[in-house]
1. Quick one: how many residues across region 119-137 are touching a residue at least 60 places away in the same chain (Cβ under 8 Å), assigned to a helix (DSSP H, G or I) and either out of contact with any Pro (no Cβ under 8 Å at 6 or more places or on another chain) or open to solvent by 40 Å² or more (accessible area, probe 1.4 Å) (or both)?
2. Do any helices (runs of 4 or more DSSP H) lying entirely in region 195-302 carry at least 3 residues that are of a type outside the set (A, V, I, L, M, F, W, C) and open to solvent by 30 Å² or more (accessible area, probe 1.4 Å), and which ones are they?
3. Is region 117-124 home to any residue that is at pLDDT below 90 and over 20 Å from the mean Cα position of the chain (by Cα)?
4. Return the residues of region 48-93 that are of a type in the set (Asp, Glu) and either open to solvent by less than 10 Å² (accessible area, probe 1.4 Å) or part of a strand (DSSP E or B) (or both); say none if nothing qualifies.
5. Just for region 348-379: of the residues that are open to solvent by 40 Å² or more (accessible area, probe 1.4 Å) and under 17 Å from the mean Cα position of the chain (by Cα), which one is farthest from residue 330 (Cα to Cα)?
6. Tell me whether region 306-317 contains one or more residues that are of a type outside the set (Ser, Thr, Tyr), touching a residue at least 24 places away in the same chain (Cβ under 8 Å) and not in a helix (DSSP H, G or I).
7. Do we have any residue at all in region 338-361 that's more than 19 Å from residue 291 (Cβ to Cβ), assigned to a helix (DSSP H, G or I) and either β-branched (Val, Ile, Thr) or in contact with a Leu (Cβ under 7 Å, 6 or more places away or on another chain) (or both)?
8. Looking at residue 337, is it open to solvent by less than 30 Å² (accessible area, probe 1.4 Å), closer than 23 Å to residue 225 by Cα and modelled with pLDDT of 95 or more?
Amino acid sequence: MRAARLSVVTAVAAVTALTAVTGCTSKSDAKDGDRVINVTATDAKCETSKQEISAGHVELAIENKGSKVTEVYILFPDDRIVSERENIGPGTKQRVTAEVKAGDYQIACKPGMKGTGIRKDLKVTGGSVAKRDPRLDKAVAAYREYAQEQADATLPLVATFVKAVEAGDLEAAKAAYAPSRIGWERTEPVAESFGDIDPKVDVRADGLEAGQTWTGWHRLEKALWQDKKITAAEKTLAGQLTTDLTDWQKRVGKAEITPTSMANGAKELLDEVATGKVTGEEERYSHTDLVDFKANVEGAQKSYELLKPVAKENDAALVTELDKQFAALNALLEKYRPNTTSYVFTSYEKVGAAQRKELSDAVNALAEPLSKLAAAVAK
């Protein structure tokens, strides 16, 4: 689920935890002034310093001058996501590096993290794009294969979950719920890039838009753990979940994936952990947050490992730090997993405030250097 679908109050609190990474400076080819687009977001406006730029790597230098937590996106004409930065607190700045081809795009600011956003057109002209390192092409191909494998593996697990719901078997459905989400959580930025699938399958009640019907995993989670019953409505919703996730599975191969989108996606997964899993907001009824947490970290690490050879060549110190922080966070998570061959973790309601703080600190220690990965591979 998108970190942006937190309540505004929760998101403001989460932004405090992410402050350490909001001022990171990209060292990509966007360091030249003509490759930077300044984006000034307020509660009512989204001002951009450029409306046209040549193809290649571009850096958004974002400043939120509004009173609400906001998000900034680069969007294709059909609303697919090129790149994004979520949970940008009032008075903070963030930078994001993306790769764009010639064509028409939009930059969107979403004050309050709701709606379709305030949009500005961006035209990308042909320009001259530096030839990409062949190792990065291989990394993209390998990640695309990984994302497809995760989607393919998810459908049978969802089928087990749906079968239990349709049979009215409460305990079997509970047991199948968390495993059915692992592949999705590992590759969520790819699913989110389509724009229309995530709201159908992974939205929480506090993330619903006006008039939106609540469907997907979390609607069923509430029925199983809080309502403690399965009705005809839940059985219908389970079937719809299968339909929507099958759509996702079929579309994964068409996703726009670049080295910088992989790197930014890894950072987004850590932001998801920081703003949803650590707080206990994501799985508020089932308390299976640590399963999602682990899957998010695994997905981020997969992107990193594929990009690592080029990143190491460009910024060896960054790679050393990332290796250290991934190892530390994974070791910490293992304290909550009795059997390392399974995905059964301690119920998050049993994780105390001090332990949650320790997990939060470890996530932030990784998120800060991970925010520099896109710049390192774009050099």
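1. Step one: of region 119-137, the residues touching a residue at least 60 places away in the same chain (Cβ under 8 Å) are 119-130, 132-133, 135-136.
Now narrow it down to the ones that are assigned to a helix (DSSP H, G or I): 135-136.
So of that shortlist, the ones also either out of contact with any Pro (no Cβ under 8 Å at 6 or more places or on another chain) or open to solvent by 40 Å² or more (accessible area, probe 1.4 Å) (or both) come out as 135.
Going through region 119-137 one residue at a time, the tally reaches 1.
2. Where helices (runs of 4 or more DSSP H) fall fully within region 195-302 and carry at least 3 residues being of a type outside the set (A, V, I, L, M, F, W, C) and open to solvent by 30 Å² or more (accessible area, probe 1.4 Å), they are 232-251.
3. Within region 117-124 (the criterion being at pLDDT below 90 and over 20 Å from the mean Cα position of the chain (by Cα)), the answer is no, since none of the residues qualifies.
4. Selection gives 52, 59, 63, 71, 84, 86.
5. 372
6. Yes; the residues of region 306-317 include at least one that is of a type outside the set (Ser, Thr, Tyr), touching a residue at least 24 places away in the same chain (Cβ under 8 Å) and not in a helix (DSSP H, G or I).
7. Taking region 338-361 first, the residues more than 19 Å from residue 291 (Cβ to Cβ) are 353-354, 357, 361.
Filter once more, so that each one left must be assigned to a helix (DSSP H, G or I): 353-354, 357, 361.
Restricting the remaining residues to those that are either β-branched (Val, Ile, Thr) or in contact with a Leu (Cβ under 7 Å, 6 or more places away or on another chain) (or both) gives none.
No, the conditions are met nowhere in region 338-361.
8. yes
The values are calculated or read from the model by the stated rules, or taken from the named source; none is laboratory data. Because the structure is a prediction, the values reported are computed rather than measured. Using ideal geometry, Cβ is built from the backbone for each residue, glycine included, and neighbour counts are taken over all protein chains shown. Note: areas computed on protein heavy atoms with side chains; ligands, DNA, RNA excluded. Shrake-Rupley method; radii C 1.70, N 1.55, O 1.52, S 1.80 Å.
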